[in-house]
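Before any comments, here is the structure.
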Amino acid sequence: MMGIFSWISPIIEILIITIIINYILSFFWNTRSTDLMLGLVAFILIFACSSWLPFPVLHKLMLLIVNVAVIAIIVIFQPELRVALSKLSLKGKKYREITEFDKFLEQLANSAYRMGEKQIGALIVLEKDDPLDDFAKKAVLLNAEFSSELIESLFSRYAPLHDGAVIIRDKTVIAASVILPLADTPQVQKSLGTRHRAAVGLSIATDAVVIVVSEETGKVSIAREGIITRGIKIDRFKGVIRSLFTKEQEKQSLKQKTTIWDWVKG
């Protein structure tokens with residue numbers, strides 16, 4: 001047993017060192033610390049040469065510098081080291097993806113409820129598994145990165161694209177001024193306005209989640225699977241959207257992990 005371990009241990013050691021070096025290089029590359037990293041590599045090479053070659057004065061000088069350099073590196077790289085250590089968290093990639101989604105959700109919720117306070121009507125479609133390209137092609141294509149400012153400007157009363165809905169796919173606003181199919185059942189027609197009927201209509205035809213901000217009352221509603229829940233408070237709004245989309249992200253993350261290296265990175 002010990003013989004097998006002694007044969008495998010160098011391979012494991014090399015693999016661990018490779019992962020560490022890859023992480024360090026990928027973190028510092030193309031940042032403001034790249035030049036300092038190159039300087040550090042040059043210093044190490046000079047130090048190695050002074051050890052191998054008969055340069056006693058240079059070697060002693062390098063030893064003195066090393067004592068100061070360790071503290072200097074910690075001071076110089078303090079911000080980068082803090083971020084690097086935080087990224088080494090066992091929570092890994094999955095946690096970072098959820099954190100990014102939470103930032104998106106916070107902006108989305110704040111935008112929806114700000115528009116509600118101002119009684120600005122809005123219709124926001126969050127795409128899930130069913131593609132909404134057929135609806136997007138008939139509207140104004142944007143393919144813009146999501147932001148609170150963009151959403152609120154699109155639905156401003158004086159904006160040319162405020163009529164219709166916007167479609168959001170994975171934190172990207174793909175289209176605006178989208179016309180949605182209206183729910184045409186008698187019960188829905190009697191109780192809901194045009195925006196709410198459009199939200200229910202799309203939620204019947206697809207698995208999309210549709211957010212409605214009422215222009216008359218300022219209340220925020222969510223439509224999914226043909227059912228609309230009206231007058232949702234902001235905390236419940238976040239909870240519903242998070243539960244619907246973080247589960248989908250977890251499934252997609254598991255499908256995408258096809259190699260051992262993917263699991264190590266995750």
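A short reminder: the numbers here are calculations on the coordinates, not readings from a lab. Just so it is clear, the model here is predicted, and its values are computed rather than measured. No Cβ is skipped: glycine too gets one built from the backbone with ideal geometry, and neighbour counts run over all protein chains shown.
For the stretch 93-256, a crude dipole built from +1 on the beta carbon of Lys and Arg and -1 on the beta carbon of Asp and Glu, taken about the Cα centre, is about 360 debye to the nearest 20. What the phi angles of the stretch 226-236 give under the Karplus curve with 6.51, -1.76 and 1.60, with θ = phi - 60°, is a coupling list of x, 10, 10, 10, 9, x, 7, 6, 4, 5, 5 Hz, glycine and proline written as x. Database remark: amide H of residue 142 closer than 5 angstrom to the amide H of 175, 176 (H placed geometrically; neighbours at sequence offset of 5 or more, or on other chains; Pro and chain starts carry no H). Phi angles across the stretch 101-108 convert, under the Karplus curve 6.51 cos²θ - 1.76 cosθ + 1.60 with θ = phi - 60°, into 3J(HN,Hα) values of 5, 4, 5, 4, 5, 4, 5, 4 Hz, Gly and Pro given as x.
Please label the shape of the stretch 130-186 as rounded, prolate or oblate, based on the square roots a ≥ b ≥ c of the eigenvalues of the alpha-carbon gyration tensor (a/c under 1.5 means rounded; beyond that, a/b larger than b/c means prolate, else oblate).
oblate
Rounded to the nearest whole Hz, the Karplus-based 3J(HN,Hα) values (6.51 cos²θ - 1.76 cosθ + 1.60, θ = phi - 60°) of the stretch 110-125 follow the sequence 4, 5, 4, 7, 5, 5, x, 4, 8, 6, 9, x, 8, 9, 10, 9, with x at glycine and proline. Shape verdict for the stretch 93-256, please, from the Cα gyration tensor: rounded (a/c under 1.5), prolate (a/b greater than b/c) or oblate. Rounded, because the longest to shortest axis ratio a/c is under 1.5.
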